[in-house]
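Here's the structure we're looking at; comments come further down.
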Amino acid sequence: MANRRQSRTNRILSQLDGRSIVLLGMMGCGKSAIGKMVARRLGLEFVDADTEIELAAGRAVSDIFAEYGEEEFRRLEEKVIERILEDGPVLLALGGGAFMAEPTRQIVAKYGLSVWIKVDLELLLERVGRRPNKRPLLKNGNPKEILTNLLEIREPVYAKAELHIESKGGTKSEMRNVVMDALDEHLKVSQ
Ligand code: S3P
């Protein structure tokens, strides 16, 4: 078991060949929780884009939205992601809107393997409902309507990611194993 796990890890790392892994998807899909566990297994540094933006700006994401607006947040987001990936390899979790920007998609394609964590509306609602104040985009209206609209706009763009992984919930370690297997399979066939 431990040997099989180790050889899967070694295979993934050798096939990545210095590229980063970039997790994307809607807020609440589990990018950060899953990302931390996959990073630990691969021995890669885990970086959360929102946390880096907060460090760069010296304030919380919700305060950046409130003080400077979404457009300024997106500008900062693009710059910070570019810097993180240039300094990689890392396992990077993007904020839900980051992959919508064409320059970010190009940077991600240049330095990393993009992985979409796909989660349905019901599960997202359950997850984001637990921390309603964390998400500025959900503050002004009905979360179900907002998420439904965002999904409609974003899913066709998220679908440009190299690898798609569906999450039906489950524990973090189950999801880590699903992601590790999917990475292994994808990298084997895309060799
Ligand atoms: C956003 C998602 C958030 C954060 C910001 C905007 C979005 O990140 O970047 O609130 O546009 O979906 P998470 O996906 O990590 O919640």
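The values are calculated or read from the model by the stated rules, or taken from the named source; none is laboratory data. Keep in mind it's a predicted model, so treat the numbers as computed, not measured. No Cβ is skipped: glycine too gets one built from the backbone with ideal geometry, and neighbour counts run over all protein chains shown. In case anyone asks, the SASA skips ligands and DNA or RNA and just uses the protein heavy atoms, side chains included. Shrake-Rupley method; radii C 1.70, N 1.55, O 1.52, S 1.80 Å.
In table form, for the structure just shown:
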read-out: Per-selection Kirkwood Rh - region 23-77 (Cα, Å, 1 d.p.); value: 12.4
read-out: Percent carbon-and-sulfur accessible area, region 15-180, ignoring ligands, DNA and RNA, probe 1.4 Å; value: 47
read-out: Within the chain, percent of DSSP bridges classed antiparallel, to nearest 5; value: 0
read-out: Axial C-alpha extent at least 15 Å, average Kyte-Doolittle at least -1.0 - helices from the chain (DSSP); value: 31-42, 143-158, 172-189
read-out: Net dipole in debye of the chain [+1 Lys, Arg Cβ; -1 Asp, Glu Cβ; about Cα centre; nearest 20]; value: 760
read-out: Unit charges at the beta carbon, dipole of the chain: most positive-side option, Met180, Ala109, Phe46; value: Met180
read-out: Within straight-line cross-link reach of Lys31, lysines at Cα separation under 22 Å, skipping those fewer than 8 residues along the same chain; value: Lys79, Lys110, Lys118, Lys134, Lys139, Lys144, Lys160, Lys168, Lys172
read-out: Debye intensity ratio in log₁₀ form over the Cα atoms of the chain, taken at each q of 0.12 Å⁻¹; value: -0.57
read-out: Cut-off under 5 Å, modelled amide H: who pairs with Lys118 long-range; value: Ile165, Glu166, Ser167
